[in-house]
Amino acid sequence: MASEWKKAREVLHILKGKGFDSYIVGGAVRDLLLDRKLADIDIVTTATPYEVSTCFLKTYRMNNLHETVIVKYRGEHYEVTTIRGKKLVEDVKYRDLTINSLAMDYEGKLIDFVGGQNDLVHNVLRSIEPYDRMTEDPLRMLRVFRFVSELGFDVDHELMSVITAQHDLLKKVAVERVMKEWIKLLKGKHRNQALRMIKTTLLFKSIPGLMLTEHALEQLAQFRSLTHSSDTLCLTAFCLCLDKVDEPFLRNLALSNEQSKKIRERLTYYEKRNHQRWGWLDLYYASIQVARDVETLRLLGNKESESIDQLQVMWEALPIRHKSELAITGADVIHSLEKPQGPWVKEALTLAEQLVVTGQYRNNKEDLLNTLLERRDEL
Ligand code: ATP
Ligand code: MG
């Protein structure tokens with residue numbers, strides 16, 4: 001058992017020592033049984049958040065999670081949540097899927113109130129009272145298909161019917177929550193199986209923000225596996241499958257500014273790349289990371305693509321790779337051309353930059369200033 005598990009069980013031991021029953025629950029137990037790499041270990045306990053905080057040296061509260069304390073223990077972080085309804089069986093019944101409702105106690109004994117282990121063995125996603133589970137938090141409908149994508153499991157017939165009948169409830173869920181699941185779904189090994197189910201249940205019509213159509217789902221299914229791709233790459237691939245991606249659409253996805261900017265950059269250069277191969281200036285302005293991602297997207301989308309090694313060679317052959325490497329500064333330009341400061345300075349530097357990048361002039365202070373002097377009247 002991995003060291004995270006040993007330490008997590010020590011946390012359970014400590015709580016037990018103070019008289020509180022505690023269990024590892026949810027995804028971690030599932031992933032242990034499936035021999036999957038685990039993401040995080042969640043713990044539930046009969047202790048109140050205050051009581052938990054008295055049992056450990058380092059604990060933190062999170063504003064949005066009232067019943068949860070983050071325990072830092074021997075370098076690991078654990079989310080420790082007070083059991084709903086005082087008993088483990090109550091807590092577990094309200095989780096989304098049986099395979100996520102397994103628990104383990106401090107002795108490493110598996111506790112399964114809902115037949116989760118049986119469903120794991122038979123590769124089935126099932127809910128206890130699916131109508132209630134799906135309607136009380138409709139995000140769970142998308143989570144079901146996220147797990148299909150990750151695990152390749154079947155979905156229980158009754159659960160499938162509930163999703164088909166109730167899919168429009170998902171429309172009310174916050175886009176931020178949706179995006180987390182959607183990215184995981186895009187990355188799953190069994191993505192296309194999940195996409196087919198999203199189509200047959202019509203859930204795609206109700207996913208907030210994504211503007212999915214049957215056509216977009218088909219396009220997405222054409223992409224090679226995104227399992228090893230970054231979030232940015234996955235989201236850009238997704239955007240490429242849509243008919244229209246504009247500013248309001250991206251804003252509506254509630255991504256960070258940085259993330260949207262990265263996606264926009266990649267989309268722009270992807271579009272450019274549809275018409276022409278990489279030139280010196282495009283590569284310089286895009287930077288190698290963006291160029292690499294654009295070519296990777298082409299490869300994943302089964303289009304002819306430039307070898308990444310080749311691009312790297314070209315990148316390294318650039319005379320400069322950033323504005324700061326230019327041999328002249330704004331002050332040099334003002335001094336040498338003897339003109340008052342103004343927008344022309346930036347234009348002059350851009351011109352010099354382009355002359356250097358395209359190899360027309362060497363990155364040499366004297367040469368560049370002379371050239372700019374010759375063009376003084378145009379500036
Ligand atoms: P991952 O491996 O991606 O972390 P996970 O199953 O651990 O998947 P989390 O989102 O980390 O998923 O949630 C941890 C556990 O909390 C789940 O296994 C499940 O038992 C429960 N859970 C999470 N979100 C929900 C939800 N929306 N409704 C019901 N139970 C949920
Ligand atoms: Mg988890």
Cα centroid distance between the stretch 238-272 and the stretch 166-233, in Å? 16 Å
Which one of Asn64, Thr268, Ala331 is farthest out on the positive end of the charge dipole of the chain, using unit charges on Cβ (Lys, Arg +1; Asp, Glu -1) and the Cα centre as origin? Asn64
Projecting each Cα onto the charge dipole of the stretch 123-210 (Lys/Arg +1, Asp/Glu -1 at the beta carbon, about the Cα centre), which of Val175, Leu125, Ser161 comes out farthest on the positive side? Val175
Taking the beta-carbon count within 10 Å as an exposure proxy, list Leu217, Leu170 from fewest neighbours to most. Leu217, Leu170
Looking at the square roots a ≥ b ≥ c of the eigenvalues of the Cα gyration tensor of the stretch 195-284, which shape do they give, rounded for a/c under 1.5, prolate if a/b is larger than b/c, or oblate? prolate
Classified through the alpha carbon gyration tensor (a ≥ b ≥ c as square roots of its eigenvalues; rounded if a/c is under 1.5, else prolate when a/b is larger than b/c, else oblate), the chain comes out prolate
Net length gained if the chain between Val121 and Glu347 were fully extended (0.36 nm per residue, minus Cα distance): 74.8 nm
Nearest 20 debye, what's the magnitude of the dipole of the chain about its Cα centre given +1 on Lys and Arg Cβ and -1 on Asp and Glu Cβ? 520 debye
Classified through the alpha carbon gyration tensor (a ≥ b ≥ c as square roots of its eigenvalues; rounded if a/c is under 1.5, else prolate when a/b is larger than b/c, else oblate), the stretch 240-335 comes out oblate
If r is the Cβ-Cβ distance from Arg224 to Ala254 and R0 is 22 Å, what FRET efficiency results, to the nearest 0.05? 0.20
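Only counting other Cβ atoms within 10 Å, I'd like Leu355, Leu203 sorted with the fewest neighbours first. Provide the component values of the computation, followed by the final result.
Numbers: Leu355 18, Leu203 22.
Fewest to most other Cβ atoms nearby, the residues stand as Leu355, Leu203.
Could you tell me the calculated FRET efficiency between Ala331 and His66, based on Cβ-Cβ distance and R0 = 51 angstrom, to the nearest 0.05?
On the way: r = 56 Å, r/R0 = 1.10.
About 0.35, to the nearest 0.05.
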With a 10 Å cut-off between alpha carbons and a GNM built on the chain, which of Arg264, Arg251, Arg143 moves the most? Arg251
Looking only at lysines whose Cα falls under 20 Å of Lys93's and that sit 8 or more positions away or on another chain, we get Lys109
Beta carbons within 10 angstrom, averaged per residue: use that to sort the peptides 91-102, 315-326, highest first. 91-102, 315-326
Once both axes come from the Cα atoms, what is the angle between helix 3-17 and the longest principal axis of the chain, in degrees from 0 to 90, rounded to 10? 40 degrees
Note, Asn257: beta-carbon cut-off 11 Å, +1 each Lys/Arg, -1 each Asp/Glu, net +3
Of the listed links Lys187/Lys303; Lys72/Lys261; Lys172/Lys244; Lys58/Lys187; Lys58/Lys262, those spanning more than 26 angstrom between alpha carbons are Lys72/Lys261; Lys58/Lys187; Lys58/Lys262
Just to check I understand the Karplus step: with θ = phi - 60° and J = 6.51 cos²θ - 1.76 cosθ + 1.60, what whole-Hz values come out for the stretch 276-281, glycine and proline as x? 8, 6, 5, x, 4, 5
Between Glu136, Glu338, Glu79, which gets the highest mean-square fluctuation from a Gaussian network model of the chain, Cα cutoff 10 Å? Glu338
Can you give the charge dipole size of the stretch 227-318 about its Cα centre, rounded to the nearest 20 debye, using +1 on the beta carbon of Lys and Arg and -1 on the beta carbon of Asp and Glu? 160 debye
Euclidean distance between Cα centres, the stretch 1-72 to the stretch 146-165, Å: 29 Å
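Since every read-out is calculated from the coordinates, none of them should be taken as a lab result. Every value quoted in this text rests on a predicted model; they were computed, and no experiment measured them. Ideal geometry is used to build each Cβ from the backbone, glycine not excepted, and the neighbour counts take in all protein chains shown.
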